[in-house]
Amino acid sequence: MPRIVERVPLMPMTPGTSRVLTVFRYGRAGARPKAYLQAAIHANEFPGTMALHHLAPMLDRAQKAGRIKGEIVIVPTANPIGLSQVLTQTHLGRYDLVGRDNFNRNYHDLAEPVAERVGGKLTNDARRNVNMIRAAGLAVLNEMTPANEIQDQRLQLMRRSIDADIVIDLHCDAQAALHHFISRRDWPAIGDLSAQIGAVAVMYNAPYPFTMTFSGCNGSWWSKLKDMFPDKPIPQACESSTIEFRGQHDVDHALGEADALNLYKFLQRRGIVAGNPGPLPRARCTATPMDGMDVGYAPSAGVLTYLKPEGSKVRKGETICEVIDPIGADPLNARTQVKSRTDGVLFSRRPNGRLAWPGMVIFRIAGPKPLPHRTGKSGLDD
Ligand SMILES: [Zn+2]
């Protein structure tokens, strides 16, 4: 049985134009566990797409050999809207040019509508509850009517992911070392994925509330429903996380193949693909709280230059970068240093360009202790 290729037309936004979401499916529909992987929801983040490009033939071979035991859904480019945003020879991702939405926001929190449907019917059998909740979640999504193309795209993605046991959303940063955003509820269970992919920073958010990201919305409704119905057994039935496969320019066959192999081994480890994944690589870090993530902002306008490469271990008070005023009268006093406010790992150097403007996010550091200026922020927004 070859893989199934599903082509999903999105709602046209202008006469005579249309875009299509392409989905690859492996295994038998309804088989468990189900894994859902997508890449490039921010459109211009292709390391994950490259990983899925290499994963697909691995899964084709596994399928041919009868080694796929669960169900696997893959969306190599999850955002055809953003893919088409080419302006003045430049591909603009992250934000929708029509409504300025961040492409990884405004997914659907299904906890409330599903609670209304299943609240009186929950049983003392966890497995039955999971099946009932998944069916209700799908029914809620299937009854929604999108008002435009971006809403349609969000719905089409969630309709394919919401009943999965594992959701992996593949992103990247501008220049970055490999890092992993998870929910606190999933640690340490998901630590095997962090270790397998070689993450140098793993950061956890509270299970909810959170910014309405794709991976957040696929995982958090279980935690919410559990808290809404404390007398009924409701397990965390979906492990949902975001992998940041380094920087935007880290797109090559060697990285893509290695990343794909790591994802494949993770699927083996969870029994979705048969076969021995071999020993788990030693974890390169432990998980740290999102409140401990320092975010550096440009203090002024200027030219940005970094003193540390991404992936560096840094100490509190160390200079990470400088913002240089190139037209300052005294060049020696024209450099403003921006320092780390935590010990930790400099996992991201944010902008692709080197022009800085006041308030621009210029770096992010994973640190172990909550920071006063970060408390209460989910961190994914900046
Ligand atoms: Zn992204």
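The values are calculated or read from the model by the stated rules, or taken from the named source; none is laboratory data. Bear in mind that the values here come from a model prediction, so they are computed numbers and not experimental data. When we count neighbours, we look across all protein chains shown, and the Cβ atoms used for this are built from the backbone with ideal geometry, even at glycine. Remember, those area values only see protein heavy atoms, side chains included, never the ligands or the DNA or RNA. Shrake-Rupley method; radii C 1.70, N 1.55, O 1.52, S 1.80 Å.
At a glance:
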| quantity | calculated |
| --- | --- |
| Test: residue in the range 106-119 that is at pLDDT 95 or above, hydrophobic (A, V, I, L, M, F, W, C), buried (at least 20 other Cβ atoms within 10 Å of the Cβ) and within 16 Å of the ligand (Cβ to nearest atom) | no |
| Qualifying residue in the range 126-138 (condition: out of contact with any His (no Cβ under 9 Å at 6 or more places or on another chain), of a type in the set (Val, Ile, Thr) and closer than 30 Å to Leu261 by Cα) | no |
| Count - residues of the range 151-173 that are within 16 Å of the ligand (Cβ to nearest atom), assigned to a strand (DSSP E or B) and among the aliphatic types (A, V, I, L, M) | 3 |
| Of residues in the range 84-95 being within 16 Å of the ligand (Cβ to nearest atom) and out of contact with any strand residue (DSSP E or B) (no Cβ under 8 Å at 6 or more places or on another chain), the one least open to solvent (accessible area, probe 1.4 Å) | Gly93 |
| Matching residues, the range 1-15, being in a loop (DSSP other than H, G, I, E, B) and surrounded by 10 or more Cβ atoms within 10 Å (Cβ to Cβ) | Met1, Arg3, Leu10, Met11, Pro12, Met13 |
| The listed residue being in contact with an Asp or Glu (Cβ under 6 Å, 6 or more places away or on another chain) and in the same structural domain as Thr213 (by TED's automatic domain parsing), out of Ala147, Ala176, Ala136 | Ala176 |
| Enumeration of residues in the range 195-238 that are of a type in the set (Ser, Thr, Tyr) and under 15 Å from the mean Cα position of the chain (by Cα) | Tyr204, Thr211, Thr213, Ser215, Ser220 |
| Subset of the range 196-224 [closer than 19 Å to Arg159 by Cα and open to solvent by less than 30 Å² (accessible area, probe 1.4 Å)] | Thr213, Phe214, Ser215, Gly216, Cys217, Asn218, Gly219, Ser220, Trp221, Trp222 |
| Only listed residue being open to solvent by 50 Å² or more (accessible area, probe 1.4 Å) and not β-branched (Val, Ile, Thr), chosen from Ala274, Ala283 | Ala283 |
| Any hit, the range 70-79, residues being farther than 25 Å from Gln151 by Cα and either part of a strand (DSSP E or B) or within 16 Å of the ligand (Cβ to nearest atom) (or both) | yes |
| Filter result for the condition that a residue is in contact with an Asp or Glu (Cβ under 7 Å, 6 or more places away or on another chain) and modelled with pLDDT under 95, over Arg374, Arg315, Arg349, Arg341 | Arg374 |
| The range 225-250, residues that are open to solvent by less than 40 Å² (accessible area, probe 1.4 Å) and more than 16 Å from the ligand (Cβ to nearest atom) | Leu225, Ile234, Ala237, Cys238, Glu239 |
| Ala51 vs. criteria closer than 18 Å to Ile166 by Cβ, at pLDDT 95 or above, outside any helix (DSSP H, G or I) and within 16 Å of the ligand (Cβ to nearest atom) | no |
| Residues of the range 174-185 that turn out to be buried (at least 21 other Cβ atoms within 10 Å of the Cβ) and in a helix (DSSP H, G or I), as a count | 0 |
